[in-house]
Amino acid sequence: MVFALLLNCSLLPSAARAQSLANTNPPSLAIVAPPSPRDVLGFTPGDDRTIADWKQISDYFRRLDAASDRVQLETLGQTTLGRPFIVAYISAEENIRNLPKYKEIARRLADPRTIRNESERDQLIRDGRTVVSISCSIHSTEIVASQMSMQLAYELASAQDADTREILQNTILILIPSANPDGVDIIADWYRKTLNTPHEGTEPPVLYHHYAGHDNNRDWFMLNLKETQLVTRLFWKEWFPQIVYDVHQQGSFGSRFFIPPFYDPPNPRIAPVLLRQVGLIGHKVAADLQAAGQEGVVTNAMYDTWWHGGFRTAPYYHNSIGILSEAASARLMSPVKVTPEQLARSVTRGMPAGALVRATNFPDPWPGGEWRARHIMNIELIASRSILSMAAKYRADYLRNFYELGSRAVKSSYPNEPVAYLIPAGQGRDEASARIIGLLIAQGIEVHRLEREFHYTSSESFSFERGGREIHGTNNPVTREAPAGSYVVFLAQPYKANVQALFERQVYPNRRTAGGEAERPYDVAGWTLPMQMGIEVVPALKIRETATERKLALVRDEAEARRDLSLSEARGTRSPISNPIKNNTRIGLYKSWTNSMDEGWTRWTFDTFNVPYQSLLDKDMRAGDLRAKYDVIVLPSMRMREIVEGRAAGSYPAEYTGGITEAGAENLRRFVEAGGTLLCFDASTELAIKRFNLPVRNVLEGLKSSEFYCPGSILRIKVDTAHPIARGMRFDTDAYFINSAAFEVPGGEPRARVLANYSDRDVLRSGWLLGEDRIKGKAALVEVTMGRGRVVLFGFRPQHRGQTWGTFPFIWNAISQNAER
């Protein structure tokens, strides 16, 4: 592809663009003009200190739908808190009238097995449209994009210039005004409450997604959240977009805007052509912004493509292009003053000299000054139109590349590469089996159930790094029988890369800074799904029975898998999973005003498994008398200082500051001594160890990353299966470690019992581990008696992001044991 860098109407700021479009629309054509956002809201999106909430945004899109034949609104379903989740389809009038036709074309191009020959393929490409999705403000404090969505929709619905018409004719835009509507209202309510106070522009003291907060963009293979489920169905069951653009904001004091190409390392399961296309689109956006005079645009920095699980990463494993942008933030919708000194201190991957130093990937630094929501919005409008312009001009290329990637996945295989993955029957973890089958199907992956046993050749797989290159392979082939009732995932299907990225072991490259410290990855380093979920998955190199000899049944959804496994079925919106705690234990879950995502995921885990609990606020901890109200208290992963001190006085309204205080910490001690059980996840173990003088030491505390580093990886632990807390667990279990803890317990200490140790060899299962010797054989799970009660110290995250089903039983057993003692 070749593109010209033209400073045309599409690059003008919004106000100038509106005037330009008006000049190209003769009075004779202006029959009924669609309403502008200002007509409906009473202000222009992006104006200082104004914000539209979800009701206002939804109302605007309904009015635009009613007024324009270029727009069609759809409600996909309800959000976590019951708000309507809307999307707007925007295209030429004739395309909007024929949306079912173009949806069917996209579906067939996504699955080349439905296309009989090259002639039919070529006809579909000629007839098809590039499907582009632009999603806004999944992170609700990054609020400007949700406001921008209305302006973008209005301009596309009303403009008559040639560039806009080319976009409308050749693309179908699926515009998501916000992937987190609940969060839009949380932010709008808090912003209005604090406007013209010392706390104007602060983030709210609650998670901006009911369960996940910022982690709502870490759920795109696990599909725990309603919003993720709705968009996943829209993308990979209905519309199959070729380009997905996820609009974000970053901190205020670095570059003004990030756009791909991404930083290293890339995930080895992303097709090279997708990385090239991502880079090409990103450079087009950067060039258009430069032509429009925008300073401070960076590429090849900070954000990488290693990790799977984000809005813009999931498309890579569906043969689609994922684009991320990150604009510098204001203080929500209030201006922020940025000094040169702050910019100079902004050192990160790809910008080692700060945000004032010119570089090839950062050729025009911004010198500092006042930064407003209007600046962010104008950048996002230019970026959106730039991407849409590329999608329109090279429509046939995008459709053909999309088809070809699916075709190669269906046809190609490599020596020693599995032909399928087996999920053997009879593992005794039916809830986890049903869940993993359901989430695969929801992402467009085909899963079959064996109606009759078959025989396959399997072997142990291995993966390691050599000379900066990942080596994958297998050894020791043996023939095995897969019993009837097992499930099989064949790799010869369009989304083969997704199966591989979820089932294979990740080996993150050993990347260091010039000073020898670990170079921090953007997110986690390992996520192998069967390991997290405690499910055995076996790679099959060859299947003895021919295709005609096999007796298979395609599984339609998770509900069918639950029926197959004789599990209870979902009724209404309530989770169908039975409460694993068979007593009336009174559970309190600490909930801070510092927005702990780990607390949110713990709530999600309890709600999903129908485990009753009450949230314990700072004031409840300070009030005391905890044993009279609770049998078990759970502290999510939070550092001691965050729990005890909370937010600093004066930084927020008084009711949201101060933490549990020393009084609350003492009340926790009394709770345990009076017979209560305290569960401490990961970082919160620090509080119990230090405040209660427990005979346990975290051997990793204070180490430099050059000495020990493990950012989001799966480690092997050895479990004392004789202990009640380990009931139903395997001796070899996988646990999720995210710069977590490892304990040393003095020998002969009568109060402490080690329930699990990190393995004494081959500790790393998936991800990245530096300094393995520091953790080998150390305690991972410890129970300490104190008075009449006990403290259970989890060195790892047993409920990490709602993904680690394999270690959930530790939580249920620890809670249940309270009533059994």
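Every listed requirement among (1) closer than 26 Å to V632 by Cα; (2) in contact with a Leu (Cβ under 8 Å, 6 or more places away or on another chain) is met by G728 save one, (2).
Which one of R801, R790 is open to solvent by 20 Å² or more (accessible area, probe 1.4 Å) and either hydroxyl-bearing (S, T, Y) or out of contact with any Pro (no Cβ under 9 Å at 6 or more places or on another chain) (or both)?
Being open to solvent by 20 Å² or more (accessible area, probe 1.4 Å) and either hydroxyl-bearing (S, T, Y) or out of contact with any Pro (no Cβ under 9 Å at 6 or more places or on another chain) (or both) holds for just one of R801, R790, which is R801.
Has the range 742-763 got any residue that is in contact with a Phe, Trp or Tyr (Cβ under 6 Å, 6 or more places away or on another chain), over 17 Å from S684 (Cβ atoms) and open to solvent by 10 Å² or more (accessible area, probe 1.4 Å)? Checked the range 742-763: no residue is in contact with a Phe, Trp or Tyr (Cβ under 6 Å, 6 or more places away or on another chain), over 17 Å from S684 (Cβ atoms) and open to solvent by 10 Å² or more (accessible area, probe 1.4 Å).
Quick check, is G777 in contact (Cβ under 8 Å) with a residue 60 or more places away in the chain and either open to solvent by 10 Å² or more (accessible area, probe 1.4 Å) or in a helix (DSSP H, G or I) (or both)?
Working: in contact (Cβ under 8 Å) with a residue 60 or more places away in the chain: no; either open to solvent by 10 Å² or more (accessible area, probe 1.4 Å) or in a helix (DSSP H, G or I) (or both): yes.
In short, no.
For the range 18-51, a residue qualifies if it is modelled with pLDDT under 50 and either farther than 16 Å from L156 by Cβ or open to solvent by less than 30 Å² (accessible area, probe 1.4 Å) (or both), and the qualifying residues are Q19, L21, N23, P26, P27, S28, L29, A30.
On the stretch given as the range 394-431, residues that are small (G, A, S), crowded, with 16+ Cβ neighbours inside 10 Å and outside any helix (DSSP H, G or I) total 2. From the list L156, L175, the lone residue that is assigned to a helix (DSSP H, G or I) and open to solvent by less than 10 Å² (accessible area, probe 1.4 Å) is L156. Residues in the range 581-613 that are over 27 Å from the mean Cα position of the chain (by Cα) and either part of a loop (DSSP other than H, G, I, E, B) or without any contact (Cβ under 8 Å) to a residue 40 or more places away in the chain (or both): I581, K582, N583, N584, T585, R586. Inclusion of P266 among residues that are open to solvent by 10 Å² or more (accessible area, probe 1.4 Å), touching a strand residue (DSSP E or B) at 6+ places or on another chain (Cβ under 7 Å) and of a type outside the set (V, I, T) is warranted. A search for C-beta distances below 6 Å between a residue of the range 707-726 that is of a type in the set (A, V, I, L, M, F, W, C) and any residue that is in a helix (DSSP H, G or I) and modelled with pLDDT of 95 or more, counting only pairs 6+ apart in sequence or on different chains, returns F708/R774; I714/M531; V719/A726; I725/N813; I725/A814. Beta carbons closer than 6 Å, at least 6 apart along the sequence or on distinct chains, pair a first residue in the range 222-251 that is free of Cβ contacts under 8 Å to residues at least 60 places away in the same chain with a second that is open to solvent by less than 10 Å² (accessible area, probe 1.4 Å) and outside any strand (DSSP E or B) for T228/D219.
Checked against the criterion of being within 28 Å of the chain's Cα centre (by Cα) and more than 23 Å from H800 (Cβ to Cβ), the candidates E545, E569, E549 yield just one match: E569.
When the range 614-639 is filtered for residues that are crowded, with 19+ Cβ neighbours inside 10 Å and touching a Leu at 6+ places or on another chain (Cβ under 9 Å), the ones remaining, listed by number, are L616, D620, M621, L626, Y630, V632, I633, V634, L635, P636, M638. Among the residues of the range 557-583, those that are among the hydroxyl-bearing types (S, T, Y) and under 25 Å from Q78 (Cα atoms) comprise S568, T573, S575, S578.
The values are calculated or read from the model by the stated rules, or taken from the named source; none is laboratory data. No experiment lies behind these values; they were computed from the predicted model shown. Here Cβ is always computed from backbone atoms with ideal geometry, including for glycine, and neighbour counts include all displayed protein chains. The accessibility values were calculated without ligands, DNA or RNA, using every heavy atom of the protein model including side chains. Shrake-Rupley method; radii C 1.70, N 1.55, O 1.52, S 1.80 Å.
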